[in-house]
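A.B. asks: Can you read through this structure? Questions will come right after.
The values are calculated or read from the model by the stated rules, or taken from the named source; none is laboratory data. In this text, all values refer to a predicted model and were calculated from it rather than measured experimentally. Note that each Cβ is placed from the backbone with ideal geometry, even for glycine, and that neighbours are counted across all protein chains shown. These area figures cover heavy atoms from the full protein model, side chains too; ligands, DNA and RNA do not enter into them. Shrake-Rupley method; radii C 1.70, N 1.55, O 1.52, S 1.80 Å.
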Amino acid sequence: MNTTTKCQAWVAKAAKRPMALETVDLGPLGAEDVEVVVEYCGLCHSDISVLHNDWGISQFPAILGHEVVGRITGLGSNAKGLKVGQRVGIGWNSGSCMHCHQCMSGDHHLCPQVQPTIVGHRGGFATHIRSHWAFAVPLTEKLNFAEAGPLLCGGVTVFAPLVMYVKPTSRVGILGIGGLGHMAVKFAAAYGCDVTAFTSSEKKFDEAKGFGANHVVSSKDSEAIKKLTGSFDLLISTVNVPLDWDAMINSLAPKGRLHVVGAVLEPIPVAAFSLIMGQRSVSGSPTASPATIEMMLDFASRHNIAPQTEHFPMSQINEAFARLESGKARYRIVLDADF
Ligand SMILES: [Zn+2]
Ligand SMILES: [Zn+2]
């Protein structure tokens, strides 16, 4: 099958420019690809980073949007396991080589040729999006589709370290209660962990408890953090601003780990002794594989975990970006397709 779809898309012509609605010819559908009509697409901080070319990897013109929920409208001749009409989600990645060691080990997100959805590929702020079939993850009917978008990038980004590093008996700290952090608190609480939320905003203390945090600490209060020395099995950092890293690392228990998923651009200083003596680690990870996304969606639907969102019609995409950049969004933004 080879479908050609002219889609309507919100296109950024250059870095830091507002997006404008354009007609885009998607060309023939690749044999391994699926085509999806977009119903909802979350707005993630990475969309802003790519729009501003903060990481120096952006390609323009760009169609952003990588937290897509929609229905399959076309299947390439080699697409497997999916049906036309089926509801799927597409996250940060849209394809990988499918033959390297990482792909064959199930770590598609670590493939050297992994294809980000919004860099050199057309994203989800459009009527239609395409991806490799393996990266269109089926959504169970139990999920709240209107709220599921942010799970596909932000959600799995904070879920993956829990899968890798914690047990229900672990003490977990979440640094930063924003788009990523509030989902991290919900996931860690549902896992059964003892959860401490760190936030610089006292206004968020009560909300963090509402998300399931057992304790809330001000991330600006170095004295309070020092009192937690030796406490945490895992700290997940979702912030993109420098913290008192020394105090944070010292709050790790022996064998504890500081795991970074927030793209803080300043280097994190680490004293060798604070790692050596407690046998501690510092690590990071980027989203996760399609299989982990599927597992996360199953866990989220079983535990009724959904992000707290604000919805905008997609036609107000530039206003939605401004809202997210202002730091006032609580806590994720979802754009509803209204073409
Ligand atoms: Zn994202
Ligand atoms: Zn590969």
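A.B. asks: Taking the range 218-237 only, how many residues are within 23 Å of the chain's Cα centre (by Cα) and either under 15 Å from Cys193 (Cβ atoms) or open to solvent by 50 Å² or more (accessible area, probe 1.4 Å) (or both)?
C.D. replies: The total comes to 4.
A.B. asks: Looking only at the range 116-147, count every residue that is under 14 Å from Gly65 (Cα atoms) and not basic (Lys, Arg) and tell me the total.
C.D. replies: Final tally of qualifying residues: 14.
A.B. asks: Restricting attention to the range 205-217, does a residue exist that is more than 21 Å from Leu275 (Cα to Cα), of a type in the set (A, V, I, L, M), assigned to a helix (DSSP H, G or I) and within 16 Å of the chain's Cα centre (by Cα)?
C.D. replies: So far as the range 205-217 goes, no, none of its residues is more than 21 Å from Leu275 (Cα to Cα), of a type in the set (A, V, I, L, M), assigned to a helix (DSSP H, G or I) and within 16 Å of the chain's Cα centre (by Cα).
A.B. asks: Another question about this same structure. Residues of the range 25-57 being open to solvent by 20 Å² or more (accessible area, probe 1.4 Å) and part of a loop (DSSP other than H, G, I, E, B), which ones?
C.D. replies: Residues satisfying the conditions are Gly30, Ala31, Glu32, His52, Asn53, Asp54, Trp55, Gly56, Ile57.
A.B. asks: Look at Ala20 and say whether it is of a type outside the set (Asp, Glu), surrounded by fewer than 21 Cβ atoms within 10 Å (Cβ to Cβ) and under 20 Å from Ala134 (Cα atoms).
C.D. replies: Spelling it out, it is not the case that Ala20 is of a type outside the set (Asp, Glu), surrounded by fewer than 21 Cβ atoms within 10 Å (Cβ to Cβ) and under 20 Å from Ala134 (Cα atoms).
A.B. asks: For Glu141, which of the numbered conditions (1) without any contact (Cβ under 8 Å) to a residue 60 or more places away in the chain; (2) touching a Pro at 6+ places or on another chain (Cβ under 9 Å) fails to hold?
C.D. replies: (2)
A.B. asks: Pairs needed: first member in the range 60-84, more than 21 Å from Gly149 (Cα to Cα) and open to solvent by 10 Å² or more (accessible area, probe 1.4 Å); second member anywhere, more than 16 Å from ligand 2 (Cβ to nearest atom) and at pLDDT 95 or above; C-beta distance under 6 Å; at least 6 residues apart or different chains.
C.D. replies: Hits for this filter: Phe60/Ala14; Pro61/Val11; Pro61/Lys13; Leu75/Val34; Ser77/Ala31; Asn78/Ala31; Ala79/Val34.
A.B. asks: Shifting gears a bit: Has the range 96-114 got at least one residue that is at pLDDT 95 or above and within 22 Å of Ile317 (Cα to Cα)?
C.D. replies: The answer is no, given that none of the residues of the range 96-114 is at pLDDT 95 or above and within 22 Å of Ile317 (Cα to Cα).
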